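Peer 1: Pasting in a structure now, in structure tokens, and then I'll have a few things to ask.
The values are calculated or read from the model by the stated rules, or taken from the named source; none is laboratory data. All values reported here derive from a predicted model rather than from experimental measurement. Cβ placement follows ideal geometry from the backbone for every residue including glycine, while neighbour counts extend to all protein chains displayed.
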Amino acid sequence: MLATALTVIAIVTQDQSALRAAPKDSAAQQAVLWQGDSLEIRGQKGDFLQVYDHRRERAGYIKASQVRVQSLKAEAAPELLSIVRFLKETPGSEALGISYAAAYLRAVPAGQIDGEVFAALGNMSDRLARRATAGRSGKAGDALAAHVEVAASYGMNLVSYERDGQVQLCSNGEAQRRVLTLPSTDIQKALAALSLTRHECVPPTLTPPERFAFDNWRADVLERVSLAKLPEVLKNRLHLRKAGVWASLAYQRARRPEVGPNAAREAASRAIDELAAINPAELMESDANAYSDAAIRVGASRWAAEPGLPQTPTKVAAGLGVRVSAGQPGETCVHLVDAKHDEKNPLLTRCTWGLVWPASTAVAPQGDALALAVQPLDTWREMWVFRKGADGWTVDVVPPALDTPNLGYVEFAGWVPGGQQMLAAREVRSGDRYRTTFETVSMNTLVTDKQADKPSSLTPFYRWQSPLWKAGTVAVR
């Protein structure tokens, strides 16, 4: 970093600017400089400035046309802020904008600092993180990597997380936290809260207790943002983020009996309410994926809003049903029972480390099949199908998709008369694409026979969908 006594600096404005050993184009190159690099000015000779690069600890000469000489006195602060306002919305100029923001913070009197400059820093670091995550090859990739290093030299470090073989870069959040603590507009606070609570920037290495604490912190950050004066578009984005965070908390609370019997139900109900609060007329096309993402997260945990937590066995009527009991520590065992077979002598038992939602139990009219929702992850819900065959009862798992568990759910939606098919709704993210389907599933193979993107486009689904499913699902919205 530059010495604090400096009152004038040179900010590099062009990428791949050469720091040379002498004031001429033919002199040896000492280093390659990038936009946003700050230099101490020690003199001038002709078209060159004599400078010192404190980051690289190199002295040399640079063409005056490749830098902008900038005063760091208090009277220069308004000019610096106006440049920051321009650059904060200029893609590709994040490193330069961060440099000017740092210069502004050195020039402005401490009592005049508010959240605006930190909001700009947060916006630019987020955009730089998105560019770096997308990645580029060749010279463009070299420039991008250099811009990340320049930003880091001002304390705007990016943190990286690896998921499914891909690297996600995120802002370190320091600037956004300052926005929430300094005098800031409601819009600035809302944007800072959205940046701090991004789902893709939740560290994947967190232990369950750490993740629970982190998600509670995310929920608290979002709660502190006032919605009253925000534009509808921004309100929608906050509702979507809250829906996803509360859906995750519903799953985590359900795994923690010590938080109380109604804690998971309250969180799941809050997630559903936040999703329902979306104003469709103000939902931007650019938010379509975020809407699908939030809906899948809520759909995966929606059974937590229904009475009957995994820790409480369900009452069994005269017909087919299930009971759940504790297995090994953290494990839940599902017992298939009927009038003649109780929990101690079940028709079939299967155990899981996931959450079992007994309230989701759906029994076929013939009494030869039963569907049950089981949630192994906060963003992934499967369907267990119990079937009676010639050799007795079996159970199979129907996952939302066949790839690595990431984001998705599949749920029972009704029985087709005749006992040969059942209805299922499925929402899943595959790569960067979101897909919602309504299907008829063969009871013999559990393979999808037909599917459509709307219930009305599939005759059996339109005719035989369960009213209870339709009343509770988020797949139809």
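Peer 1: Is it fair to say Val447 is of a type in the set (A, V, I, L, M) and buried (at least 18 other Cβ atoms within 10 Å of the Cβ)? Explain how you work it out, then say what you get.
Peer 2: Numbers: of a type in the set (A, V, I, L, M): yes; buried (at least 18 other Cβ atoms within 10 Å of the Cβ): no.
So Val447 fails the test.
Peer 1: Can you give me the ranges of the helices (runs of 4 or more DSSP H) entirely in the range 174-258 with at least 2 residues that are β-branched (Val, Ile, Thr) and farther than 16 Å from Gly122 by Cβ?
Peer 2: Working: elements: 174-181, 186-196, 208-223, 232-254.
Filter on the range 174-258 gives 232-254.
Peer 1: Could you go through the range 26-35 and let me know if any residue there is of a type in the set (S, T, N, Q), part of a strand (DSSP E or B), surrounded by 13 or more Cβ atoms within 10 Å (Cβ to Cβ) and at pLDDT 95 or above.
Peer 2: Initially, the range 26-35 is screened for residues of a type in the set (S, T, N, Q), giving 26, 29-30, 35.
Filter once more, keeping what is part of a strand (DSSP E or B): 29-30.
Still in the list and also surrounded by 13 or more Cβ atoms within 10 Å (Cβ to Cβ): 30.
Next, from what is left, pick out any that are at pLDDT 95 or above: none.
No.
Peer 1: Go through the range 377-409 and count every residue that is out of contact with any helix residue (DSSP H, G or I) (no Cβ under 9 Å at 6 or more places or on another chain) and part of a strand (DSSP E or B). Steps first, please.
Peer 2: Residues of the range 377-409 out of contact with any helix residue (DSSP H, G or I) (no Cβ under 9 Å at 6 or more places or on another chain): 382-399, 401-406.
Applying the additional criterion that residues be part of a strand (DSSP E or B) yields 382-389, 392-398.
Residues that pass the stated criteria total 15.
Peer 1: Moving on. Would you point out which residue out of Tyr61, Tyr52 is closer than 24 Å to Ile98 by Cβ and either free of Cβ contacts under 8 Å to residues at least 60 places away in the same chain or surrounded by 15 or more Cβ atoms within 10 Å (Cβ to Cβ) (or both)?
Peer 2: Values: Tyr61 fails: closer than 24 Å to Ile98 by Cβ.
That would be Tyr52, the only listed residue that is closer than 24 Å to Ile98 by Cβ and either free of Cβ contacts under 8 Å to residues at least 60 places away in the same chain or surrounded by 15 or more Cβ atoms within 10 Å (Cβ to Cβ) (or both).
Peer 1: So Thr7 fits all but one of (1) free of Cβ contacts under 8 Å to residues at least 24 places away in the same chain; (2) surrounded by fewer than 16 Cβ atoms within 10 Å (Cβ to Cβ); (3) over 39 Å from the mean Cα position of the chain (by Cα); what number is the exception?
Peer 2: For Thr7, the exception is condition (1).
Peer 1: If a residue must be part of a loop (DSSP other than H, G, I, E, B) and closer than 19 Å to Pro209 by Cα, how many such residues does the range 259-276 contain?
Peer 2: 2
Okay, residues lined up against (1) surrounded by 20 or more Cβ atoms within 10 Å (Cβ to Cβ); (2) under 23 Å from Gln166 (Cα atoms); (3) modelled with pLDDT under 95:
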site	(1), (2), (3)
Ala102	yes, no, no
Ala120	yes, no, no
Ser125	yes, yes, no
Leu128	yes, yes, no
Ser137	no, yes, yes
Ala143	no, yes, yes
Val150	yes, no, no
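Peer 1: Please go through the range 36-49 and pick out each residue that is surrounded by fewer than 18 Cβ atoms within 10 Å (Cβ to Cβ) and outside any strand (DSSP E or B).
Peer 2: Within the range 36-49, Gly46, Asp47 qualify.
Peer 1: Among the residues of the range 182-222, what is the count of those that are more than 24 Å from Glu162 (Cα to Cα), surrounded by fewer than 17 Cβ atoms within 10 Å (Cβ to Cβ) and touching a residue at least 12 places away in the same chain (Cβ under 8 Å)?
Peer 2: Selection size over the range 182-222: 5.
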